[in-house]
Amino acid sequence: MFGGAGREYRWKYGTKKETFGQIAVKARKHASNNPYALFGQVLSLEEIMASDNVFDPLTRFQCCPPTCGAGAVILCSDEFAKKHGISNPVYIAAQSMTTDYASSFEEQSMIKMVGYDMTKQAANQVYEAAGIGAEDVDVIELHDCFTANELLTYEALGLCPEGEAEKFIWDADNTYGGKYVTNPSGGLLSKGHPLGATGLAQCTELVWQLRGTADQRQVQNARIALQHNLGLGGACVITMYRRD
């Protein structure tokens, strides 16, 4: 389904296959600075594209590895945090969950089937509730189960206009020095996808980023973080975090 969505996007906008591969290049580069990542070896675009074909336009290194892993977070009150000496708390600014819309099935679109509308609506709800727009976000952990989904999610989250993800990628606006740092952990593609623990792993990474404790992968002066988690069949959860 995700491969089909990537293929539909290519048909619609004429996007190069290498554009999807470049996302995996970025994922490996980020993961090289994450001691928790499964795949920390940096790969070139040529190596990504030369890996086994899975479903056009996806090659093997553009698909996440299902893995084992765990994550944990503690949600508490301000009073509890102060009592336990937590001087740099991270707050949930807003959160939203959406489920499948009629468009997921009725529009005969693989892009819609893999959660584009769920993501777009959840993101809009979070931006409105938090009073913070996409342009204010510093760091993002999104559900890059395949490179195709990361590309689609850029547009669904409003990081770039529809149809302009290719330019967004080649301008390096999805990494350090660009507009947003996406998946500094290496994402599901390189950190690994421990299924049930994936959401908490994303949350953990973003809390580290906002606390300034992410070591070599630290996003400078990160104050606003966005998390996107998705499952087909179907739900999408988006959470915005902030530090004061």
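The values are calculated or read from the model by the stated rules, or taken from the named source; none is laboratory data. From a predicted model like this one, the values you see are computed outputs, not experimental measurements. When we count neighbours, we look across all protein chains shown, and the Cβ atoms used for this are built from the backbone with ideal geometry, even at glycine. When the accessible area is computed, the model is the full protein with side chains, heavy atoms only, and any ligands, DNA or RNA have been set aside. Shrake-Rupley method; radii C 1.70, N 1.55, O 1.52, S 1.80 Å.
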task = For region 58-70, enumerate the residues that are surrounded by 16 or more Cβ atoms within 10 Å (Cβ to Cβ) and in contact with an Asp or Glu (Cβ under 9 Å, 6 or more places away or on another chain).
result = T59, F61, C64
query = Taking the condition open to solvent by 50 Å² or more (accessible area, probe 1.4 Å), farther than 16 Å from V237 by Cα, among the β-branched types (V, I, T) and touching a residue at least 60 places away in the same chain (Cβ under 8 Å), does V54 pass?
reply = no
remark   = Selection from region 102-118 of residues closer than 23 Å to E166 by Cα and without any contact (Cβ under 8 Å) to a residue 12 or more places away in the chain yields K112
message = Can you go through Q216, Q227, Q209, Q202 and tell me which one is under 28 Å from L45 (Cβ atoms), touching a Cys at 6+ places or on another chain (Cβ under 7 Å) and touching a residue at least 24 places away in the same chain (Cβ under 8 Å)?
response = Q227
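One line per residue, one yes/no per condition, for (1) charged (D, E, K, R); (2) on the phi > 0 side of the Ramachandran plot; (3) out of contact with any Leu (no Cβ under 7 Å at 6 or more places or on another chain):
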{"position": "G71", "(1), (2), (3)": "no, no, no"}
{"position": "Q125", "(1), (2), (3)": "no, no, yes"}
{"position": "D138", "(1), (2), (3)": "yes, no, yes"}
{"position": "H143", "(1), (2), (3)": "no, no, no"}
Whichever residue in region 41-76 is of a type in the set (G, A, S) and at pLDDT below 95 and, among such residues, is nearest to I92 (Cα to Cα) = A72
request  = For region 94-117, state whether one or more residues are farther than 22 Å from R7 by Cα and small (G, A, S).
outcome  = yes
query = Are any residues in region 1-26 charged (D, E, K, R) and surrounded by 22 or more Cβ atoms within 10 Å (Cβ to Cβ), and if so, which ones?
reply = K26
request  = Kindly indicate whether any position in region 119-141 is in contact (Cβ under 8 Å) with a residue 40 or more places away in the chain, of a type outside the set (K, R), in contact with a Phe, Trp or Tyr (Cβ under 6 Å, 6 or more places away or on another chain) and within 16 Å of K26 (Cα to Cα).
outcome  = yes
query = Given the structure, is G233 part of a helix (DSSP H, G or I) and over 12 Å from the mean Cα position of the chain (by Cα)?
reply = no
request  = Among the numbered conditions (1) surrounded by fewer than 16 Cβ atoms within 10 Å (Cβ to Cβ); (2) over 23 Å from L152 (Cβ atoms); (3) not aromatic (F, W, Y), tell me where T204 comes up short.
outcome  = (1)
ask   = In the list A81, A102, A123, which residue meets the criterion of being open to solvent by less than 10 Å² (accessible area, probe 1.4 Å), more than 22 Å from S185 (Cβ to Cβ) and not hydroxyl-bearing (S, T, Y)?
value = A81
ask   = Being over 15 Å from the mean Cα position of the chain (by Cα), over 25 Å from Y91 (Cα atoms) and either open to solvent by 40 Å² or more (accessible area, probe 1.4 Å) or among the small types (G, A, S) (or both), is that true of even one residue in region 145-157?
value = no
ask   = Out of region 83-110, which residues are assigned to a loop (DSSP other than H, G, I, E, B) and of a type in the set (D, E, K, R)?
value = D100, E107
